[in-house]
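The values are calculated or read from the model by the stated rules, or taken from the named source; none is laboratory data. From a predicted model like this one, the values you see are computed outputs, not experimental measurements. Here Cβ is always computed from backbone atoms with ideal geometry, including for glycine, and neighbour counts include all displayed protein chains. All accessible areas refer to the heavy atoms of the entire protein, side chains included, with ligands and DNA or RNA removed. Shrake-Rupley method; radii C 1.70, N 1.55, O 1.52, S 1.80 Å.
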Amino acid sequence: MHTVLLLTDAPPQTLPARSMMAFTLASHIILVPLGVALPLITLITHGYGLRRGDATALLLARRWSAVMAVQFAIGVVTGTVLSFEFGLLWPRMMGRWGDVFGIGFGVEAWAFFLEAVLIAIYLYGWRRLSSRTHFLLGLPLPLAALLGAFGILAANSWMNTPRGFTLDSAGNPVDVKIWKAIFTPMFGPEYWHFVVAMLVTAGYVVAGVYAVGWLRGRRDRYHRLGFTIPFTLAAVFTPVQFVLGDSIARQVFHKQPVKFAAMEIVWKTDTHQPEYLYGRLHPDGAISGGIRIPQLDSILAGFHADTEVTGLTSVPASDRPTPTQATIAHWTFDTMVGIGSLLVLLALWYAAMWLLRRRMPASPWFFRCAAVSGVASVVAVECGWITTEVGRQPWIVYQNMRVAEAVTATRAGGLWAMFGVIVVVYVFVFGSLLTVLLKMRTRWRLADQAGGQRPPKETPETDTPYGPRSAGSRP
C-alpha cells in the first residue's frame, strides 16, 4: 500500500524501475565494503607478517587475498548490471546530464580495470616473486579501491548537489566545468563518510568470522590474529565515523534542508524542534509513535535550541518527499545512527581492555557482540544509502530533474519481467559466492588439521611463503 502511495502520479514504469534499481544496488553494496577495504586489511596483515617473520600472519594474508579475488569477481557481475541499469532504466537522465557527471563513472571504470590487474598480480606473486617485490606490488591495491569509490561518490554527490554547468534556453546543460561537477559541496563529506564506513564494516565483517570461531573454542593464534587485526582497524575508525556522520548530517542541514526535514520528520519550519526517535509522519503533519525529545533536533542541527530547522512544508508538496518517504528516510537514518552508537560502545569496550589490562576482553558477551557487528555494519550501510536516495525524492538530480521525468518509456510489464530475471540471476550468483567461500573455509580447516603436528618454526604453508610449491605440498 505504501509503495502505491509513493508513485500515485508517476508513470507506470517508475515502480518497477525503482524496485529493480533498489534491489540491485542493495545487493551490490553488500560486496562493496570488502571490495574497498579488504585489500588494506590484507596488506596490513601481510606487512606485519613480513616485519615480524610471522608465518601465521602471512597465511591469513594469503587466504584473505583469495577471498578478495572471489569477492571481486562477484562484484564485477553486480556492478556491471548496475552500470547498464543507469542507461536502460534512466535514459533521459543520462541523455541530458551524462556529459556533466559521467566523468565519475569513467573514473570508476578505469579503477575497476586497474584493480583487476593488481589483484591478479598480487595472487600470482605469492609463489613466484620475492617477498619485498610482492608486497610492494600489492601496495597500490587499496589506492585503486579508493579511486573506484571516488568515481561513484563523485557521481552520487553531484546528483545531490549538482554544480558545474549552466542551462540554455531549452533547459539543457552547457558550459560544463568538470572540476566543479566532481568536487560539489557534498563530495567531501559523502566520500570520507563512505570510505570510513567501508573500513569499519569490512573490519567488523572479517573479525566477526573469527569471533564465531573463538566462541566455538578455537583459541589458537590463527584465530586470535585473524580477529585482532581487522577488529582493531574497525575499532579505531568507529569513533571517527561517528564524527564524520555528524558532520555530513550538518552539511545536509545546510545544503539540502528539505532532505534533512525528511530525515528528522520535521513538518513546519520553526526553532526548538524536538527530536523523534523513530515515529511515523502522517499527511497532516502529525507524528505517531516514537520517542519525543524536546528541542534536541534544533540543538543537534545548530548547537542551540534557537536554531531554525526547515520543515517539509517550506516547499510545495510536489517538490518534497511524501510523508511515507520521509518516514522511511527517518527510520533508516535512526537505525544507522543507532547501530553506529552501539559500535562505538563496542569499540570503547575493546579499547578500555587494551589500555587497562593489555589484553582483549575475555567475556563471551564481547565476542557475541563482535560476531554480529559485521552484519550490523552492513545493515547500517544499507540504511545510509536508503536515507540518501529516498530523502532526495522526488528528484533524481536535486532540484533539476524528477525521477518521473528520467524513467524509461519501456512498458512496465517488460520491466517487471526483467526484474524477475535479475532476482533469479542474483540468487544464483550470491549462492555461488557462499558455496565457494564455504568450500574454501572447509579446505583451509582440513589443511590446518593435517598440519597440526608440524614443528612450531615451520611455515604454515609447509613450503616457504615465497617460491614454487614442492611436489605433493598441500593447498
query: Which of (1) open to solvent by 50 Å² or more (accessible area, probe 1.4 Å); (2) under 27 Å from LEU50 (Cα atoms) is the odd one out, the single condition LYS177 does not satisfy?
result: (2)
- prompt: Out of segment 166-217, which residues are part of a loop (DSSP other than H, G, I, E, B), more than 30 Å from TRP64 (Cβ to Cβ) and not small (Gly, Ala, Ser)?
  reply: ASP168, ASN172, ASP175, VAL176, LYS177, PHE183, THR184, PRO185, MET186
- request: Could you figure out which of (1) small (Gly, Ala, Ser); (2) closer than 28 Å to ILE396 by Cβ; (3) surrounded by fewer than 17 Cβ atoms within 10 Å (Cβ to Cβ) isn't true of ALA286?
  value: (2)
- request: Kindly check whether there is at least one residue in segment 313-325 that is part of a helix (DSSP H, G or I), at pLDDT below 90, open to solvent by 20 Å² or more (accessible area, probe 1.4 Å) and among the hydrophobic types (A, V, I, L, M, F, W, C).
  value: yes
query: Given (1) open to solvent by less than 50 Å² (accessible area, probe 1.4 Å); (2) modelled with pLDDT of 85 or more, where does LEU137 come up short, assuming only one miss?
result: (1)
task: From (1) aromatic (Phe, Trp, Tyr); (2) modelled with pLDDT under 85; (3) under 23 Å from the mean Cα position of the chain (by Cα); (4) more than 30 Å from ARG163 (Cα to Cα), pick out the condition that doesn't hold for PHE101.
output: (4)
- line: Only one of (1) surrounded by 11 or more Cβ atoms within 10 Å (Cβ to Cβ); (2) at pLDDT below 85 does not apply to VAL425, and that is (2)
- prompt: What number of residues in segment 203-221 are touching a residue at least 40 places away in the same chain (Cβ under 8 Å) and surrounded by 19 or more Cβ atoms within 10 Å (Cβ to Cβ)?
  reply: 8
Residue list for segment 332-347, filter: of a type in the set (S, T, N, Q) and either open to solvent by less than 30 Å² (accessible area, probe 1.4 Å) or not in a helix (DSSP H, G or I) (or both): THR332
- request: Tell me which residues, restricted to segment 281-312, are among the small types (Gly, Ala, Ser) and part of a loop (DSSP other than H, G, I, E, B).
  value: GLY285, ALA286, GLY289, GLY290, ALA305, GLY311
statement: Looking across segment 240-280 at residues that are among the charged types (D, E, K, R) and part of a helix (DSSP H, G or I), the single one that is surrounded by the fewest Cβ atoms within 10 Å (Cβ to Cβ) is ASP246
query: Among the numbered criteria (1) touching a helix residue (DSSP H, G or I) at 6+ places or on another chain (Cβ under 7 Å); (2) closer than 30 Å to THR166 by Cβ; (3) open to solvent by 60 Å² or more (accessible area, probe 1.4 Å); (4) not small (Gly, Ala, Ser), which single criterion is violated by GLN399?
result: (1)
- request: Any chance you could count how many residues in segment 270-289 are within 31 Å of the chain's Cα centre (by Cα) and among the charged types (D, E, K, R)?
  value: 2
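Residues checked against (1) surrounded by 17 or more Cβ atoms within 10 Å (Cβ to Cβ); (2) under 23 Å from LEU31 (Cβ atoms); (3) in contact with a helix residue (DSSP H, G or I) (Cβ under 8 Å, 6 or more places away or on another chain):
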site	(1), (2), (3)
VAL70	no, yes, yes
ALA73	no, yes, no
GLY79	yes, yes, yes
GLU85	yes, yes, yes
PHE113	no, yes, no
Failed item, numbered, when ALA362 is tested on (1) within 15 Å of MET263 (Cα to Cα); (2) part of a loop (DSSP other than H, G, I, E, B); (3) aliphatic (A, V, I, L, M): (1)
field: Check on VAL390, assigned to a helix (DSSP H, G or I), open to solvent by 20 Å² or more (accessible area, probe 1.4 Å), more than 26 Å from TRP158 (Cβ to Cβ) and among the hydrophobic types (A, V, I, L, M, F, W, C)
entry: no
